[in-house]
């Protein structure tokens, strides 16, 4: 009786006991996203250095910064939509979603209060803009623009509702994206197991958007 040897398949090693292949542990891909924060800090430091050493060159590099910000804005809405839909749709209890949402809202209000306080302190201590000499015409134009920029509470609330379900992802309005994402997330949650294919699709979309943002 002859014995035959087979070459081990990909990702497998031969077992010396019975000659069969046993699967080997694959090395997980390294997560390089934490390098992004270091790259951003290095870019900020380099920008400050260029602005101090060669301000004229820094002005010429403005299109690079504008393009970078535009690319970030392009990917913000898909990331927000996928994150909220997955977060809300994966939780089976609506009460738990409300608890997490309340904590997030409290954190947002607390951090916003701190940011406003820091802005008021810095504004009162440093008094930015005190050295500017503004003419009456310039002041009148600024006052007119400030007055036209304020809308009523009703206009603000109506502006959160998008024209269509898909326009919320392309309008550039983050609040519209939040509203649609919450509605879709709660709808998927109410579907139960029938909504799992939707969650898998959103998971793939989230991976794509995360890959593009890297």
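Just a yes or no: is a residue in the range 194-202 surrounded by 14 or more Cβ atoms within 10 Å (Cβ to Cβ), touching a residue at least 60 places away in the same chain (Cβ under 8 Å), over 20 Å from the mean Cα position of the chain (by Cα) and under 14 Å from residue 82 (Cα atoms)? Looking through the range 194-202, at least one residue is surrounded by 14 or more Cβ atoms within 10 Å (Cβ to Cβ), touching a residue at least 60 places away in the same chain (Cβ under 8 Å), over 20 Å from the mean Cα position of the chain (by Cα) and under 14 Å from residue 82 (Cα atoms).
The number of residues in the range 80-98 that are within 22 Å of residue 174 (Cα to Cα) and without any contact (Cβ under 8 Å) to a residue 40 or more places away in the chain comes to 1. Please determine whether any residue of the range 110-127 is within 24 Å of the chain's Cα centre (by Cα) and within 27 Å of residue 206 (Cβ to Cβ). Yes. When you scan the range 117-124, do you find a residue that is within 30 Å of residue 184 (Cα to Cα) and free of Cβ contacts under 8 Å to residues at least 40 places away in the same chain, even just one? No - not one qualifying residue is present in the range 117-124.
Once the range 130-178 is narrowed to residues that are touching a residue at least 40 places away in the same chain (Cβ under 8 Å) and either in contact with a helix residue (DSSP H, G or I) (Cβ under 6 Å, 6 or more places away or on another chain) or closer than 20 Å to residue 88 by Cβ (or both), the residue that is surrounded by the most Cβ atoms within 10 Å (Cβ to Cβ) is 168.
Any read-out appearing in this document is the output of simple, stated calculations on the displayed coordinates, not a laboratory observation. Treat the numbers as computed from the prediction; the structure is a model and nothing was measured. So basically every Cβ, Gly included, is an ideal-geometry build from the backbone, and we count neighbours across all protein chains shown.
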